[in-house]
Every structure is written in structure tokens, then in C-alpha cells.
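Throughout, read-outs are computed from the coordinates displayed, never taken from laboratory work. Being a predicted model, the structure only gives us computed values, none of them experimental. With ideal geometry, Cβ positions are generated from the backbone for all residues, glycine too; neighbour counts draw on all protein chains shown.
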Amino acid sequence: MATRSPAAWISLLLALALALSARAAEEAPAAAAAEGEAVLTLDVDTFDEAVAKHPFIVVEFYAPWCGHCKALAPEYEKAAQSLSKHDPPIVLAKVDANEDKNRPLATKYEVQGFPTLKIFRNQGKNIQEYKGPREAEGIVEYLKKQVGPASKEIKSPEDAASLIDDKKIYIVGVFTEFSGTEFTNFMEVAEKLRSDYDFGHTLHANHLPRGDAAVERPLVRLLKPFDELVVDSKDFDIAALEKFIDASSTPRVVTFDKNPDNHPYLLKFFQSSAPKAMLFVNFSTGPFDSFKSTYAAAAEEFKDKELKFLIGDIEAAQGAFQYFGLKEEQAPLILIQDGDSKKSLSLFLRSTTSLLRWLWLTASTMWCSSLAKMFLSSSMPPGVDTARSWPLSWRRQPPHLKVMRKSWLPRWMPPQMTCPVSSTSRATQPCTL
Ligand SMILES: *[C@@H]1O[C@H](CO)[C@@H](O)[C@H](O)[C@H]1NC(C)=O
């Protein structure tokens, strides 16, 4: 598409992450095609009017050539038919964002890939990304939840059991009363983030799973199916609350496999602009377990640093391989990517022994200005096996340079560091002192 955004590549990976469910949909017969169209077709001329008229309208921005859009179409139509009888009304619409005259709409609503679905509420005063499933039943269920209250009251253990899905993140505010700044702020955040998470509020912490009555109210508790399972915050400032939710809601190591439960975390991982470490290994082979545990330990060591971790099954992550110019037979391999750019360093692993050491070396030296220069030079194709030629060889011949942290370097970098440089011609660019 025409929009050139630094985040454009993300869409590509997101599409890959969703490829599985889309593929499943493609295999299904297009049964809905013969039935009447329940999905509204909008364009640049009718868009504003439709958004003004319907208090809750979902718009799919699509391109006719896009495979995932084609796979979604019958499911979206089926969902629209089912939802057409819903009270209050839930309207599903679509815009061909590939058509020249509609492009301003795609730009205005920051559409970076196809299909993109957005929820417009209150005459477009509140716009959220649709982050639900892509098959009819899932779409219906997700959207029904989106029109109800953003946070539901938990009055009994039964309420808790029916509202809280232990495979998903659930955020609950525990209060002494349903009023006051804390409560108002909590509800405001729930409204804002409702398309990403499920929210509840209660006066009784003992109704919650893994809950105890002894908590000091008010408090926000985030229940999650990974890592420490429960995490609390007592800071009800809106920005702090959002930050808390964001920071607590991704597993320390995100798994890239065929399990759809992992896909929301995968999307967040790729949407993040933080530097990323990605280990790709064949999940069906013996060494997988040792890689997994070593990697988890590495992630634990890096937990206060601005580095995100992913472990990917080479079967599921083929698209990512193509993207980074790598080959499956090179796995197991680890890749460190510089934020949301396409620049990366990779290492082919023969054992887990070198993994941790390489992570430390690379993550702490890749930002040296000398490396950054090479990194940024077009002579370096993405995903080249640079690591084999520098960080490991530095251990054998270690000339060092002291490097001061530049303002653009990640916060977790020490203010001053010793940067080892290999004597090979490629690495002789001086670090800035
Ligand atoms: C992963 O390993 C399994 C078991 O050894 C093998 O059958 C499969 O072909 C491997 N997958 C890839 C993509 O190499």
C-alpha cells in the first residue's frame, strides 16, 4: 500500500501470525456468498455519515488482493447477519482502502496493513482497534462483549467463575466502594482498553480465583495465565494504571507457535518498539527443552532491561524466516532486532552454551556507535551471520574501547561502557568516546 510507515513491516508479521486461523478459514467452503449482504459497504463519501448514524460500528479496511481479507469476508458477513438482530445494534461495515479515493480514510485512521478492523463508538469520538477473533462465532461473541459495560461487577464466586477465563488476562479492581477517584480512574481505563482486555470490579477480593480476603483495598489485580500469575498495583493514576497493565500483560518469553492463545502476545511483541531477541528452534526435536529453559533463564536475567524475548517454532514462524532472510535449516538460531527496524544480528546455535554469553555480548554491545554505523549501512543485509564473525571472536582477541552512552541509546545501557572491537576491517569503525 502507499503508506510508508516505519511500522509497516509489523503488519506483515502480524499477518503471518494470523496466517493460521486465516488458512483454516480459507479451507472452509464460502457458504455465506449466496446470501444477502449484511455488511455495509462504505467509501469516502458515505463514511462520516455512517459513523455519525451508528453509535457502535465496526469498519474493516481491506484490499481486494489481500488473502487474509478474502478469508475473513465470509466470516465477517456471517457475523454481520447474526449481529443485525442484536439490541443495541452492532453494525459491521467495510471500506476498500486500496481504492484511490478511499486512501485518505486509511491514512486518517492509521491503517497499516490489511485487513484492519476498527471499532467506532459515539460518533467516532472513541476509536479502538478490533483485536478479537477472525471467525464468525468469535467475532459475534467479542463484539457483544464490546457493547456491554466495560467492566462487570463480581458479586459472588459464581460471577468470578463465569467472567474470568483462566487462559486469558483479567483485570479486576478491588474497592471499598464504587465511587471516588480510584474507581472513576479504573473505569476510565477499562473503557479505554476494553478491546484489549477483560475488566471486572468487586468489593470482595475473596471471590476471586487465587484470591485472599486480606488484600488492602483499593487495589488493581491482574490475573494472567503465565509467569507470576497474579500481579497487583495500588497506583490509580490513569497513566500509571495503563503502564502497569501494559508491562504486566506480556509473558517474559513470548511463544510463536500454532496455539491461538499465544497470538495476542505475539502481536504485542511485534508491535513493541523495544529491542527484541528471537530464538527459533524446531519444537518437535530433543534439544528444544534445553534451549527453552536456558532461554527462560536468560529472559529472567534481562527482566529489568529493555529487551523482549520470543521463542519461535520454525514450523510456525516460516514467514518470519523469510522476512529476515534466514533459512529453516539454519535453526536453531537466535536473532536480535534493533527496535522496529529491519536491522538485526543473528547467530546460528550449535548448543545452548553460547546462547547466554552471546545475548550479553550482543545486547550490550550492539548499540555501540561503531556497530550501529555498520548496522545502519546498507552494505549489511538483514539477518547476516555477523555474530559469528564478531562478538564471539572478540573473546579471542579483545581490543577494547570505552564508550559513553549516547542519548539515543536504550535506557538500560550503562552510562559508560567498554566496547570490544574485533581487528577485522569490518569492525574498525571507532566507537565514540
Ligand atoms: C522438526 O523436527 C521434526 C522431528 O525431527 C521433523 O520431522 C520436522 O521435519 C522438523 N521440521 C522442520 C521444519 O525442519
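One Cα centroid belongs to the range 84-139, the other to the range 167-237; the line between them spans 29 Å.
Applying 1/(1 + (r/R0)^6) with R0 = 35 Å to the Cβ-Cβ distance of Val147 and Ala240 gives a FRET efficiency near 0.80. Extending 7 Å from the Cα toward the beta-carbon at both Gln330 and Glu129 defines two label points whose distance is 2.8 nm.
Gyration tensor analysis over the Cα atoms of the range 168-322 returns equivalent ellipsoid semi-axes of 34, 16, 14 Å (largest first, whole Å).
Amide H to amide H, with H built 1.01 Å from N, Gly312 comes under 5 Å of Phe256, Leu279, Phe280, Val281, counting only residues 5 or more places away or on other chains. Each of Asp45 and Thr107 was given a label point 7 Å from its Cα along the Cα-to-Cβ line. The distance between the two points is 2.1 nm.
Note on Glu37/Thr184: beta-carbon distance plugged into 1/(1 + (r/R0)^6) with R0 of 51 Å gives a FRET efficiency of 0.75.
Using a cutoff of 8 angstrom between alpha carbon atoms and counting only pairs six or more residues apart, the relative contact order for the range 153-248 works out to 35 percent. Neighbour counting of Cβ atoms within 10 Å sorts the residues Ile119, Ile311, fewest neighbours leading, into Ile119, Ile311.
Need one number: % antiparallel among DSSP beta bridges in the range 153-248, to the nearest 5.
Taking every DSSP beta bridge with both residues in the range 153-248, the antiparallel ones total about 55 percent.
Across the range 175-248, counting alpha-carbon atoms alone, Rg and Dmax equal 11.8, 32 Å. Summing +1 for each Lys or Arg and -1 for each Asp or Glu among the other residues whose beta-carbon sits under 9 angstrom from that of Ile127 gives +2. Amide hydrogen proximity for Glu129: with H placed 1.01 Å from N in the peptide plane, the residues at 5 or more positions away or on another chain lying under 5 Å are Ile119. In angstrom, the C-alpha Rg and Dmax of the range 25-184 are 17.8, 55.
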